[in-house]
Amino acid sequence: MTLGTRLATAAAITVAVLVPFALLAIMVTGDWRPLHELDATITTALHDWALRHPGWVTVTKWWTNIFDPNPLRLAALGLVVWLLRRRHRAAAVWAVVTVASGGILGALLKLLVERHRPDFLEPVARAAGYSFPSGHALNAALVSGVFVLVLLPVVRHRWLLWTGVATVTVLTGVSRIIIGVHWTSDVVAGWLLAVAVIAATTMAFTHRGFLPVAEHGVDPSLSVYSKA
């Protein structure tokens, strides 16, 4: 695939996921009743299930704490250190910019949208701040995407990598709905925003030396990787 084709693909992906994200944001800020009713139905059903299964709630809380944005960022930092030790500075900078810009954008959108979290008479968990988009879902997808793009060319069993990141991304998002601190659309919006950020930063960094890593892996013997 040529450079121009890759850039066009990244641009198309960015637009393709930003459109449904923007529509979700508009429906949330406009308090569109069908979306609110769908969110309430799913969230209430999962909350009722959680009240009947306290043991699973404990497991879910452990999961959501382990894959909190801060531990995920530490994992990304570990990947960045690993890349720097192998002189892949462009890829390391890309990873930092991707995770940081996605996190900042998510926090700003929370303040702009000001969506309140679900409110139950018998909550199984509480969370501070606004709800849209889900920070857990956003950061899980961001960090998973970074790991996939960096490690996919060099892992032997790619299905294990895909299974691992898909599990982390999906279960982290769903866990926030189960414990009643996010609406379903918050989680979906977090996933969509993460894909858009990854596609946008990859497109922006392609000409800066990240593309060879995505194509050939992280081999320090290839001098092109040491370029900033």
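Assorted remarks:
- Packing-based ranking of 150-161, 72-83 yields 72-83, 150-161, ordered from highest to lowest mean Cβ neighbour count within 10 Å.
- For the chain, the dipole from Cβ point charges (+1 on Lys and Arg, -1 on Asp and Glu) about the Cα centre works out to 920 debye, to the nearest 20.
- Around residue 127: net Lys/Arg minus Asp/Glu count, Cβ-Cβ under 10 Å: +3
- Shape analysis of the stretch 109-183 places it in the oblate category; the axes a ≥ b ≥ c from the Cα gyration tensor give an a/c of at least 1.5, with a/b not above b/c.
- Summarising the label geometry, the points placed 7 Å from Cα in the beta-carbon direction at residue 101 and residue 155 lie 2.4 nm from one another.
- Each of residue 12 and residue 128 was given a label point 7 Å from its Cα along the Cα-to-Cβ line. The distance between the two points is 4.5 nm.
- Helix-only [θ]222 nm of the chain, DSSP H runs n ≥ 4, -39500 (n - 2.57) each, per residue, nearest 500: -25000 deg cm²/dmol
- A 1.4 Å probe run over the protein chains yields, for the stretch 94-177, 48 Å² of accessible area per residue, whole-number rounding.
- Dipole of the chain, positive direction: furthest Cα of 46, 127, 162, with charges on the beta-carbon: 162
- At least 15 Å along the helix axis (C-alpha) and Kyte average at least 0.5, DSSP helices within the chain: 3-29, 69-85, 89-113, 135-151, 158-178, 184-205
- Cα pair distances in the chain, grouped into 5 Å bins until the bin that holds the longest one, percent each: 1, 7, 14, 17, 18, 15, 11, 8, 5, 3, 1, 0, 0
- Given their separation in residues at 0.36 nm each and the Cα-Cα distance between them, residue 40 and residue 204 gain 55.2 nm when the chain is fully extended.
- Rg to Rh quotient for the stretch 48-143, alpha carbon positions, Kirkwood Rh: 1.09
The values are calculated or read from the model by the stated rules, or taken from the named source; none is laboratory data. These numbers were taken from a predicted model, which means no experiment stands behind them. Backbone-built Cβ (ideal geometry, glycine too); neighbour counts: all protein chains shown. Accessible surface areas use protein heavy atoms only, side chains included; no ligands, DNA or RNA. Shrake-Rupley method; radii C 1.70, N 1.55, O 1.52, S 1.80 Å.
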